[in-house]
1. In whole Hz, what ³J(HN,Hα) sequence does segment B:14-24 give by Karplus (6.51, -1.76, 1.60; θ = phi - 60°), x for Gly and Pro?
2. Would you mind listing how long segment A:55-112 runs along its three principal axes, going by Cα atoms, in whole Å with the largest first?
3. Where in chain A lies the longest segment free of trypsin sites (Lys or Arg not before Pro) that are both loop residues by DSSP (not H, G, I, E, B) and have at most 16 other Cβ atoms within 10 Å?
4. Evaluate the relative contact order of segment B:32-73 (contact order divided by residue number), counting alpha-carbon pairs under 8 angstrom at least 6 apart; express in whole percent.
5. For chain B, what does the relative contact order come out to in percent, with C-alpha contacts under 8 Å and a separation of six or more?
6. Explain nothing, just compute: Karplus ³J(HN,Hα) = 6.51 cos²θ - 1.76 cosθ + 1.60, θ = phi - 60°, for every residue of segment A:52-58 in order, whole Hz, x for Gly and Pro.
7. Enumerate the amide H contacts of B:LEU11 below 5 Å, restricted to partners 5 or more residues apart or on another chain; note that Pro and chain-start residues carry no placed amide H.
8. Considering only Cα-Cα distances, which of the following residue pairs are longer than 24 Å: A:LYS26/B:LYS2; A:LYS13/B:LYS42; B:LYS42/B:LYS67?
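The values are calculated or read from the model by the stated rules, or taken from the named source; none is laboratory data. The model shown is predicted, which means the values in this text are computed figures rather than measured ones. Note: ideal-geometry Cβ built from the backbone for every residue, glycine included; neighbour counts use all protein chains shown. Each accessible area value is taken on the protein alone, full model and side chains, heavy atoms only, with ligands, DNA and RNA left out. Shrake-Rupley method; radii C 1.70, N 1.55, O 1.52, S 1.80 Å.
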Amino acid sequence: DAGVTQSPTHLIKTRGQQVTLRCSPKSGHDTVSWYQQALGQGPQFIFQYYEEEERQRGNFPDRFSGHQFPNYSSELNVNALLLGDSALYLCASSGQQGTEAFFGQGTRLTVV
Amino acid sequence: QKEVEQNSGPLSVPEGAIASLNCTYSDRGSQSFFWYRQYSGKSPELIMSIYSNGDKEDGRFTAQLNKASQYVSLLIRDSQPSDSATYLCAVVGQAGTALIFGKGTTLSVSS
């Protein structure tokens, strides 16, 4: 049983560019959430997708957008990258609301 | 702003001792509580979930929940050097489905 998979694992982008990160949820899960984790901090919630709709959103600007596909996989897009967007981006999948969420290995994004 | 508070540590314990990690949360309506372990450079790994008041044991780990005091704790018995990591407390608030994380407590187990 494959767990949550994310791609790519590492990425270096230039300030002002756009980036797309991808996530495939754990088998049987239909909900995907994205988090940003800066060094030394806990993960911060970006948004959550369920049934191809954004169900909940954290305190992140509109530069951060997402999508969920019919097979439950998801993408996170960040436009106009800033140096401060450098972080570990984590995808988590879960089943029913409020139940256990499992994380992928993360994508380390560096903006230079 | 709903918050989850943890002592950042580091918490240092000798091998074989009990490590006690604590967490408080501000949303009184929270219903789901989780502990994640995160090794340096890796992603968080779920180690315990708890949904009702009291204790829940799984191997060397015991999670304790007190909703009246808005307090969650994690006990690690017979601590091993491999338990050295950052432990993240996460809460699902009443209003939503997102995990709200604390900043994590760094645990160091010395042999």
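1. Each residue's phi maps through the Karplus curve to give x, 4, x, 7, 9, 9, 10, 10, 10, 8, 10 Hz.
2. Extents along the principal axes: 38, 22, 22 Å.
3. Details: sites that count: A:ARG15, A:ARG63.
Within chain A, the longest run free of exposed trypsin sites (Lys or Arg not before Pro) spans A:64-112.
4. In percent, rounded to a whole number, it is 28.
5. 38 percent
6. 6, 10, 6, 8, 8, 9, x
7. Residues meeting the amide H criterion: B:THR106, B:LEU107, B:SER108.
8. The answer is A:LYS26/B:LYS2; B:LYS42/B:LYS67.
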